[in-house]
């Protein structure tokens, strides 16, 4: 396994320091704060450790404060309910003595029921599409150091963008984004692990999609972005080491906030997860 991928798995394997209290490490992936997906993935790991054989089907999370990349994060899990079919967990992430994140997650005993799902968008296959780190040199030369470091940082994922990236000059585009995602190598056969990894990566590109109709991108130094909340629903089994299509749209932006909705499909067209995220989008004048 490649070291960067092994490090991701290590990041999601928390240390148990009490019965329902866990500690996770932090990583700098090129930003000035902890990546929101890291906290999502770790919080889901913590909740899953207490749920036995039940599998998560939904989570709802709020980001309260920026995380410090130089400090570990403690996760306290509250076993709110264990019913016959469903279990509820509440998780609080604490850093420097203050809550920075909280999440509610629901787990279910697997069962059969009605089946229907929307169709996958008709987009090009990932082969032949550029990876996000294969952008033209002139794009990188025009971006601020902070943005360049984030774009070029070594990642445990491949990201193949369907819509081309235009950073400078920014262009007005439809509030949609499609990208293919998979890990750079195979993962162990653990369904919980694949869900934790998908939660981690589901934080990518959602708020960026809400900026597309407004002709502004990360390169603008006046821009402030911050995730406020994130929800996720898991519908069907999947593997994150096989190509998944993340189809994102932004139906609304108002009041200094942008909303993004995402659907995640396997390559053969099965809808396996859905996401919703709202965040701050401000341009300081």
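List every residue pair whose Cβ atoms lie under 6 Å apart, where the two residues are 6 or more positions apart in sequence or sit on different chains, the first residue falls within region 116-128 and is in contact (Cβ under 8 Å) with a residue 60 or more places away in the chain, and the second residue, located anywhere, is part of a loop (DSSP other than H, G, I, E, B) and surrounded by fewer than 11 Cβ atoms within 10 Å (Cβ to Cβ).
Hits for this filter: zero, empty list.
Inside region 42-51, can you point out the residues that are more than 13 Å from residue 63 (Cα to Cα) and touching a residue at least 40 places away in the same chain (Cβ under 8 Å)?
Passing the criteria: 42, 44, 45, 46, 47, 48, 51.
Keeping to region 184-204, report how many residues are surrounded by 15 or more Cβ atoms within 10 Å (Cβ to Cβ) and touching a helix residue (DSSP H, G or I) at 6+ places or on another chain (Cβ under 9 Å).
Counting residues in region 184-204 that are surrounded by 15 or more Cβ atoms within 10 Å (Cβ to Cβ) and touching a helix residue (DSSP H, G or I) at 6+ places or on another chain (Cβ under 9 Å) gives 14.
Any idea which residue in region 273-284 is surrounded by the fewest Cβ atoms within 10 Å (Cβ to Cβ), counting only those that are touching a residue at least 60 places away in the same chain (Cβ under 8 Å) and in a strand (DSSP E or B)?
Of everything passing the filter in region 273-284, 283 is surrounded by the fewest Cβ atoms within 10 Å (Cβ to Cβ).
So which residues in region 252-268 are more than 27 Å from residue 182 (Cβ to Cβ) and part of a strand (DSSP E or B), if there are any at all?
Those that are more than 27 Å from residue 182 (Cβ to Cβ) and part of a strand (DSSP E or B): 252, 253, 254, 257.
Scan region 199-243 for residues that are part of a loop (DSSP other than H, G, I, E, B), modelled with pLDDT under 95 and more than 21 Å from residue 39 (Cα to Cα) and jot them down.
If the condition is that a residue be part of a loop (DSSP other than H, G, I, E, B), modelled with pLDDT under 95 and more than 21 Å from residue 39 (Cα to Cα), then 215, 216, 217, 218, 219, 220, 221, 222 are the ones that fit.
Out of curiosity, is residue 26 in contact (Cβ under 8 Å) with a residue 12 or more places away in the chain and surrounded by fewer than 22 Cβ atoms within 10 Å (Cβ to Cβ)?
yes
Can you list the strands (runs of 3 or more DSSP E) lying wholly within region 79-192 that have 1 or more residues being over 19 Å from residue 35 (Cβ atoms) and at pLDDT 95 or above?
By residue number, 86-95, 98-108, 176-183.
Residues of region 41-77 being more than 19 Å from residue 199 (Cβ to Cβ) and part of a strand (DSSP E or B), which ones?
none
The values are calculated or read from the model by the stated rules, or taken from the named source; none is laboratory data. These numbers were taken from a predicted model, which means no experiment stands behind them. With ideal geometry, Cβ positions are generated from the backbone for all residues, glycine too; neighbour counts draw on all protein chains shown.
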